1. Between A:GLU348 and B:ARG34, what is the label-to-label distance in nm when each label sits 7 Å out along the Cα-to-Cβ direction?
2. Could you work out the Kirkwood radius for region A:245-369, taking every pair of different alpha carbons, averaging 1/r and inverting it, reported in Å?
3. What is region B:5-60 by shape, rounded, prolate or oblate, if you read a ≥ b ≥ c off the alpha carbon gyration tensor as root eigenvalues and call it rounded for a/c under 1.5, prolate for a/b larger than b/c, and oblate otherwise?
4. Which percentage, to the nearest 5, of the DSSP beta bridges contained in chain A is antiparallel?
5. Filter the GluC sites (Glu not before Pro) in region A:17-62 down to the DSSP loop ones having no more than 16 other Cβ atoms within 10 Å, then list what survives.
6. Too long at a 20 Å Cα-Cα cut-off: which of A:LYS137/A:LYS307; A:LYS2/A:LYS114; A:LYS212/A:LYS235?
7. For a label point 7 angstrom out from the Cα of B:ALA46 toward its Cβ, which stretches of region A:224-243 have the backbone nitrogen within less than 12 Å?
8. Please compute the average number of Cβ atoms from other chains found within 10 Å of each residue's Cβ in peptide B:22-31.
Amino acid sequence: MKYDAVVVGAGPAGTVTARFAAESGAKVLVIERRQEIGSPVLCGEGVSRKIDEWGMLDGKRWIANKMEGARIYSPDGTMVKLSAEMAGNETGYVVYRDIFDQELARKASEAGAKILMNTNATELLTEKDKIIGVKAKRYDEDLEIEADIVVGCDGVESKIGQWAGIETRLDPKDLETCCQYTLTNIDCKDAFCDFYLGKKIAPGGYVWIFPKGKDIANVGIGVLGNLSESGMPKKLLDDFISNNPNLKNGNPIRFLAGAVPVANPVESVRDNLILVGDSARQVDPITGGGITHCLEAGKIAGETIGKAVEQQQFDKETLSVYETGWKEAFGKKLKRNYMLKEIFLDFEDKTLNMLADSIKDIKFDEISTFGLVKALVLKHPTLLMKLRPLMKISSEV
Amino acid sequence: MGKPKAIVDKNICLACGGCISVCPQDALYMNGGRALVTEEKCISCAICIRICPIGAISGRNASNEI
Ligand SMILES: Cc1cc2nc3c(=O)[nH]c(=O)nc-3n(C[C@H](O)[C@H](O)[C@H](O)COP(=O)(O)OP(=O)(O)OC[C@H]3O[C@@H](n4cnc5c(N)ncnc54)[C@H](O)[C@@H]3O)c2cc1C
Ligand code: SF4
Ligand code: SF4
């Protein structure tokens, strides 16, 4: 078997890359170790409406609910309300992630990409240190899949990158460790994504409630790895639910565990190798959202692969068009939000309360971190020192 | 007696991959929808135990097979 590109992992990063590579004329194979794409769901299922502009999905079957905006609750319960446009990446729609992923896979296959399920990549195939494909196991069968480009879209585990010598291992302080219930029989008639902050609620993270309908929502928690202990996210989430009058009578119809890389991105290209999505750590370090980045980066990766195939050049320099492209699209945002994450971590609950209190009534005409930071600093000049590095980078975005 | 090695309870693990992404020894891998430990590689650092959101990993003594 010889392909132009073999994509490992059929999450959104993998299938979008495959689709655009195939559309640009490349011969593409996607391998996926699961037996069903998108299932089990490991996601809060919140996606920005930016997705409408890109038109990568047909129909509306993947949409569960349309959001009006987000509400952020500080530790003392002060609420800051944001419209969907302002709330950024992860509010807009709540989706059925399994259907969403399967739709993206269908589009990839429509474009001519082949998908092989139940196929687990086990190591890179190399020849004198040059990457020439992957070895994989399909049931009991050992496969050697040759390809000019190996695309690592294997999510948070990011083994492809590691096998190629890229340091993808995460420091616990760069991982949100999560779990989530989908609860029915609760009241969420107003379509808002809710976020709850606080050291006691979710150290280094937050609790979220994303409504999938009028009486059903994803209720989840992320705790920063270095602040967590065995089983802590589940325990804190159970406590949160049992102390919430609305949620405590809910019935769980799904429970999941999850891991979100909130790290700085890693190298995303080498000779004959590309990493896309969570495997390249292209996740927003503040919100933990990664889906839209997978779509943006996947398209650029796919188009880059198309060009590389056309020129029959698969070296790092040729593939770097991809890295430059995704960095232009959202690289600065990731960098800025990683800094913001580090700054937030130092904040005591009372600082968060104070911040929420200062901005709760502000109507922002300027929808940007820069505007937000400016408003905060005007009210609390002492914050300036802490936020100065952020001001600098925000003003460039 | 060696230090206790990490062991994943396959009845609890939900295959989130968190433990795999933080193990400094590359001692964990996914198999059949569950995380598994390669005992020879494990150095008993317990990072994975702390990371697991649902408490599926514990330490066991290598010489004390369950
Ligand atoms: C609890 C939780 C909540 C989240 N909530 C949101 C949210 O609300 N909004 C948002 O935008 N993002 C959210 N995210 C992040 C989002 O889910 C990820 O950013 C996104 O799934 C990344 O897509 P991906 O294609 O890079 O990787 P994945 O979707 O993880 O796909 C990777 C695929 O690769 C396969 N694979 C891995 N290794 C191999 C191998 N060796 N061989 C073959 N196949 C392999 C896996 O089976 C998997 O199908 C959340 C994440 C978690 C854990
Ligand atoms: S962190 Fe826990 S739930 Fe996640 S894969 Fe590892 S053992 Fe399983
Ligand atoms: S105890 Fe440490 S070395 Fe052993 S599997 Fe867990 S993280 Fe890896």
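1. A separation of 4.6 nm, rounded to one decimal place.
2. Working: mean 1/r = 0.0573 Å⁻¹.
The Cα-based Kirkwood calculation yields 17.4 Å.
3. rounded
4. 75
5. Values: sites: A:GLU23, A:GLU32, A:GLU36, A:GLU45, A:GLU53; in loops: A:GLU32, A:GLU36, A:GLU45.
Loop-located and lightly packed - A:GLU36.
6. Working: A:LYS137/A:LYS307 30 Å; A:LYS2/A:LYS114 12 Å; A:LYS212/A:LYS235 23 Å.
The pairs that break the limit, which is 20 Å between Cα atoms, are A:LYS137/A:LYS307; A:LYS212/A:LYS235.
7. A:229-230
8. Working: counts 11, 2, 2, 1, 4, 0, 1, 4, 5, 2.
Rounded to a whole number, the mean comes out at 3.
Laboratory data are not the source of any read-out in this text; all were calculated from the coordinates shown. None of these values were measured; they are calculated from a predicted model. Because the Cβ atoms are built from the backbone with ideal geometry, glycine has one as well, and the counts that use them run over all protein chains shown.
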